[in-house]
Amino acid sequence: MALPVEEWRLYAARRWAALEPVLRERLAAAASLHETLRLGCGLLRPEAEVAALRRLCRRARTGKEPAAARFYREEGNRLFGRRHYGAAARLYSQAASHELPGSPEVSVCFANRSAAFFHLGLFEVCLEDIARAESHGYPDRLLPKVLLRKAECLLCLGKLQDAADALRLVENKIAMDGILTSPARQTLLKKLNQLKIKLHEKESCPEPAREACGDAQRKLEIWEENDSISGASSSLSLNFDTERGRHLVASQDILPGQSLLKEEAFVSVLCPGESLLQQDSSETLWDTQATNADLYCHRCLRQLLASVPCHGCSYAKYCSQTCADVAWEQYHRTECSLGALLLTLGVFCHVALRTVLLAGYAEVHRLVEWSHGGDKDLHNPEASCKHLREAPARNAGTGGIPGCNNNGQYQSSYQAVFNLLPHAEKHSPEHKFLCMLSVVAICKELQEAGLEAAVLNQESSEKWSKLKTCEKTSGELSPELQTMAEAMLRHVLQLQCNAQAITVMQESGSGDGAVVNKKPVRLATAFFPVLSLLNHSCCPNISVSFSGTAATVRASQPIPSGQEIFHCYGPHRCRMKVAERQQLLSQYFFECRCQACLDELESDVRSVVSMRNSFCCPNCRAPMQGEDTLCCSNEACAISVSSESLSRRLQDLQQQIKKALELLRDRKADQAIKMLLKCQMDAGNFLSPEHLLMGEMEDHLAQVYATLGKWQEAARHLERSIEIVEMHHGPSSIEMGHELFKLAQILFNGFAVSEALSTIQRAEEILSVHCGPESTQIQELQEMKTCLSELPKSILQRT
Ligand SMILES: [Zn+2]
Ligand SMILES: [Zn+2]
Ligand SMILES: [Zn+2]
Ligand SMILES: [Zn+2]
């Protein structure tokens, strides 16, 4: 999803192979991105590449389609009838995104959605949707019913005066029109009278005002911002040397849990769901599965409830009109009609486009020009390193470090993004060609769609009209768009090493039952220029958590003064063996030399991962040893098995587990348990007892028992899963925190008060280090604790 769809990648590869050898060599040898673009710009032929892209784009469904709107509305009504109000609301949102703004149809979607929210007890959201329905021209004859719902919401919210006003309005409306005997009218009148009585009761006996609670007692984290690095704590300093490039170092002793960095993404793009790109174009069925685009705001990534659809497309949905307006102003007026193309070309291209739109043409132009201007260092990092090594580096402050401004400050700015290393010389020529072709395709499309003025928003309209006339004849990119394309190419290449995933903990599985099973999900791809200063280690000393588009970095262990701050780019020592890690890290163009890698590479000791994820002898259960053929370590046994057959067995087992989870989803808990127990038996015959999968099965069993309300069994299985998680990830890892959180929920539900309290305590200690005291999980733990402490003594004594 980061890169373009496969068909386009293959198309570009074929084009590359068919180029004249001379041209191919010149492209491969191009010394700068400017040169690459100059040579390659004209290689996107309208009748070939452009046409192929157009065909691919037809698969992406990003426009407004009346048929889809009808389908989603009917599905919504069906689920509403079955009282699945949450799912119904989501389908009405999808329907609304396919309707034209201001049409009676879209107002009906909002009105229907308001009814779903009403049933969910979300009265404020319901009122928002009623207002939306009214502003989009809700049909007058249907209005009384919606106004009654409004009055009822206001009543529930204790806004009695407003409720009285709304009721008066409905009364007038009913009196004014309609036939007296209509049954619908009778129903309305009956409801009206009920509400009037309710209002009267509330007026005569007002409820005590509810106290505002919580926030005041929340501890404020101590935070002193660094003078020279925006968003960083004052306990860090920015250093530079040839070996490590730019990096952050502790300038004083740091405690676990201490915040080190708080940074708002310079740019972020929500990763769309796979289903927006349908593989089979003949597929006419609409997908009712919720994707990221249905669940999170297109701009700020907050979770969506009553989403506001874009007026132009069906894929951008916002948490509020404000977000919709800001996004439109900043980038979406340019992106809106390009949805299908951006989906086809992948998230990296999309991030690159949005980056230049946010930076603005003037700033992009300034930096692109600067990069040409004799500053060879920029294309040759070695030279710039040398230059810095010779300078009195350490105590020279941040003066000469790339990306810093004239005052030696490193800030989250376009300049900092621009200075992230594109490693242009390390990417393969073929890959650069693909990126170049993709970026040029976007710019061509912008030009042809008449969006150049929007892209160059700072330019006067006079200049724009002049531009337009000269392009029409040439068919080539205007000089301004060529500058934009060059910057975009740079950003696409930078993203390979500098893209930061924004992840959230998302509920997974059936979602019912009192125990919420959450797993991290990739939500968006972003540039965080300050976070990007951190180097990788397979045993990092920090944790990153996200809230919306903001990242917070916390120390996950004590960091003594002088030690470098390390982020894990993905390959973690607890999840992969050193060979796998090095393989994955090759995309970042470096060989990891972290302590974990050195230990594993230089000693003969097998990695923790391979030891714990190993097989045992099917005959005597002793550990198996070897690579291609595994032999029992018990000499008396002498059994040997090919690793291939063991792997196949492992795959079969994973298939079976998947089936068990499907049974659970279909609410066939008993069958799921049977199947999981059988899987466990089978696994015991060939997996070592510490194998991660053994833990996962225990975890699933705990989940099934929890849905049945069998809390003791659930806790027993989860405790075994926790033992294995602890072995793999360590006692204070975030993974442990999540498992303990689940255990706390189970013990809480089972009224195992003292165990629950001690588990809450442990979970709190771990999670506050990784996610901070204000994370939702910590809040939930504290609520549980309060609730337990308020339980009557009689229950407490029983346990
Ligand atoms: Zn938003
Ligand atoms: Zn749009
Ligand atoms: Zn490493
Ligand atoms: Zn054996």
Carbon plus sulfur fraction of accessible area for the chain, probe 1.4 Å, in percent | 51
What is the sum of charges around ALA96, taking Lys and Arg as +1, Asp and Glu as -1, for the other residues whose C-beta is under 15 Å from the C-beta of ALA96?
-> -2
Projected onto the charge dipole of the chain (+1 at Lys/Arg Cβ, -1 at Asp/Glu Cβ, origin at the Cα centre), which of ALA714, LEU143, GLN303 gives the Cα projection farthest towards the positive end?
-> LEU143
Provide the net charge surrounding HIS536, with neighbours chosen by a C-beta distance below 12 Å and charges set as Lys +1, Arg +1, Asp -1, Glu -1.
-> +2
Per DSSP, the loop-located GluC sites (Glu not before Pro) within the range 571-661 having at most 14 other beta carbons within 10 Å are GLU591, GLU627, GLU635
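May I ask which of LYS64/LYS519; LYS432/LYS577; LYS159/LYS196; LYS173/LYS196; LYS577/LYS659; LYS577/LYS674 have a Cα-Cα span longer than 23 Å here? The partial results should precede the final answer.
Details: LYS64/LYS519 32 Å; LYS432/LYS577 30 Å; LYS159/LYS196 14 Å; LYS173/LYS196 16 Å; LYS577/LYS659 29 Å; LYS577/LYS674 34 Å.
Violating the 23 Å Cα-Cα cut-off are LYS64/LYS519; LYS432/LYS577; LYS577/LYS659; LYS577/LYS674.
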Given charges at Cβ of Lys, Arg, Asp, Glu: the chain dipole, positive-most of PHE566, HIS98, ASN535 = HIS98
Return, ordered by residue number, the residues of the range 673-688 whose backbone nitrogen is under 17 Å from a label point located 7 Å along Cα→Cβ of THR629.
-> none
With a 1.4 Å probe and every protein chain left in place, work out the accessible area per residue of the range 488-597 in Å², rounded to a whole number.
-> 37
Obtain the nm distance between the two label points defined at THR503 and GLU790 by a simple spin-label model: each point lies 7 Å from its Cα along the Cα-to-C-beta direction.
-> 3.5
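Restricting things to alpha carbons, find the Rg to Rh ratio for the chain using the Kirkwood radius for Rh.
0.99
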Proximal aspartates and glutamates to LYS262, defined as alpha-carbon separation beneath 13 angstrom and excluding residues fewer than eight positions away on the same chain = GLU221, GLU224, GLU225
Between LEU523 and residues 5 or more places away or on another chain, which pairs have amide H atoms under 5 Å apart, with H built 1.01 Å from N, and which residues are they?
-> ILE502, THR503, VAL504
Amide H partners (placed H, <5 Å) of LEU260, local residues excluded | VAL553, ARG554, ALA555
Residue by residue through the range 674-679, which ³J(HN,Hα) values in whole Hz follow from phi under the Karplus form 6.51 cos²θ - 1.76 cosθ + 1.60 (θ = phi - 60°), with glycine and proline marked x?
-> 4, 5, 5, 5, 5, 4
Value of relative contact order over the range 612-695, rounded to a whole percent, pairs C-alpha under 8 Å and six or more apart = 35
In sequence order, calculated HN-Hα J values of the range 594-603 (Karplus, 6.51, -1.76, 1.60; Hz; x Gly/Pro) = 6, 4, 4, 5, 4, 4, 6, 6, 8, 9
Relative contact order, percent, of the chain when contacts are C-alpha pairs under 8 Å separated by at least 6 residues?
-> 12
Under the Karplus relation with 6.51, -1.76 and 1.60 and θ = phi - 60°, whole-Hz ³J(HN,Hα) for the range 62-72, x at Gly and Pro, equal 10, x, 8, 10, x, 5, 5, 4, 4, 4, 5
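How large is the helix-only mean residue ellipticity at 222 nm for the chain, computed as the sum of -39500 (n - 2.57) over DSSP H runs with n ≥ 4, divided by its residue count, in deg cm²/dmol to the nearest 500?
Estimated from H runs of four or more residues: -16500 deg cm²/dmol.
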What number comes out for the charge environment of ALA306, summing +1 per Lys or Arg and -1 per Asp or Glu over other residues with Cβ under 13 Å away?
-> +1
On a C-alpha basis, how far is the centre of the range 614-658 from the centre of the range 293-307 in Å? Whole number, if you could?
-> 46
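The values are calculated or read from the model by the stated rules, or taken from the named source; none is laboratory data. Please read these numbers as outputs of a predicted model, since none were measured by experiment. Don't worry about glycine lacking a Cβ; one is built from the backbone with ideal geometry, like all the others, and counts go over all protein chains shown. For accessibility, only protein heavy atoms count, side chains too; no ligands or nucleic acids. Shrake-Rupley method; radii C 1.70, N 1.55, O 1.52, S 1.80 Å.
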